[in-house]
Ligand code: PEP
């Protein structure tokens with residue numbers, strides 16, 4: 001039995017004041033049982049978020065991390081530092097980082113290894129572009145991303161995968177529940193092939209314009225174990241509605 005997981009990716013949004021207000025609204029809501037919840041603010045807002053979340057059911061994650069733990073790497077933030085301040089999760093390989101920072105599968109694999117070494121739980125993002133889907137290569141792209149990122153990672157215990165079709169992120173175009181289910185079942189098969197371990201316990205999230213109105217239809221699919229949520233995670237009522245849909 002896989003416990004649903006709903007993660008808010010706050011991206012490069014907000015100020016200390018708005019982050020405190022959003023967390024305040026989330027923390028004052030009735031706790032939802034049976035769903036794991038996390039929010040991922042920017043690095044500079046992490047400390048405040050961790051202090052506010054304290055021992056609540058709301059965990060905190062980072063949106064990225066370095067591939068090294070320390071050294072002369074100006075501007076980097078290491079997984080060990082994130083773990084030390086109380087981060088539980090880290091998002092890796094988000095399509096925006098692949099696109100704007102040119103992150104390769106090899107770099108994502110190195111970050112994953114460093115994150116696991118620091119006892120962070122990585123959420124590894126994969127997904128095809130609209131052109132790749134239209135060309136019929138969506139599965140080939142996703143399996144290559146998985147293979148590249150998980151290379152040498154024999155233990156998937158801490159790892160969560162997020163299937164995020166690039167054409168659905170921030171566009172309002174959600175994959176249909178059937179499209180998402182088909183790809184997520186395919187991903188589960190790939191995980192077994194790549195790692196050689198049983199991936200029935202591995203959580204696979206869907207991400208891409210998840211909203212209060214479409215969450216339930218996605219979550220009833222057998223291989224959709226929760227969501228990575230961007231825009232809708234910035235509005236407490238919408239994020240809470242998605243969390244409640246995952247608990248239903
Ligand atoms: C994301 O950035 O991971 C995401 C899924 O964004 P949105 O929900 O806004 O499409």
*asked:* With a cut-off of 8 Å between alpha carbons and a minimum separation of six or more residues, what is the relative contact order of the chain in percent?
replied: 21 percent
*residue 131-residue 101 FRET efficiency (beta carbon distance; Förster radius 25 Å; 0.05 resolution)*: 0.75
*Give me the distance between the Cα centres of segment 179-237 and segment 42-107, rounded to whole Å.*
21 Å
*Helical mean residue ellipticity (222 nm; -39500 (n - 2.57) per DSSP H run of 4+; nearest 500) of the chain*: -12500 deg cm²/dmol
*May I ask what percent, to the nearest 5, of DSSP beta bridges between residues of segment 15-247 are antiparallel?*
0 percent
*Ratio of Rg to Rh over segment 1-152 (Cα coordinates, Kirkwood Rh, two decimals)*: 0.99
_Please compute the modelled spin-label separation between residue 68 and residue 248, points set 7 Å along Cα→Cβ, answer in nm with one decimal._
4.9 nm
*Which of 45, 88, 94 comes first, and how do the rest follow, when ranked by fewest Cβ neighbours within 10 Å?*
88, 45, 94
*Please report the orientation-averaged projected area of segment 9-87, defined via the convex hull of its C-alpha atoms, in nm².*
5.7 nm²
_For segment 15-247, take every pair of Cα atoms, bin their distances at 5 Å starting from 0, and report each bin as a whole percent._
1, 7, 15, 19, 20, 18, 13, 6, 2, 0
*What is the Cα radius of gyration of segment 58-147 over 2.2 N^0.38 Å, N being its residue count?*
1.17
_Segments 6-14, 168-176 sorted - mean Cβ within 10 Å per residue, highest first_ = 6-14, 168-176
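A short reminder: the numbers here are calculations on the coordinates, not readings from a lab. What you see is a predicted model, and the numbers here were worked out from it, not measured in a lab. Heads up, the Cβs are rebuilt from the backbone with ideal geometry, glycines too, and the neighbour counts pull from every protein chain shown.
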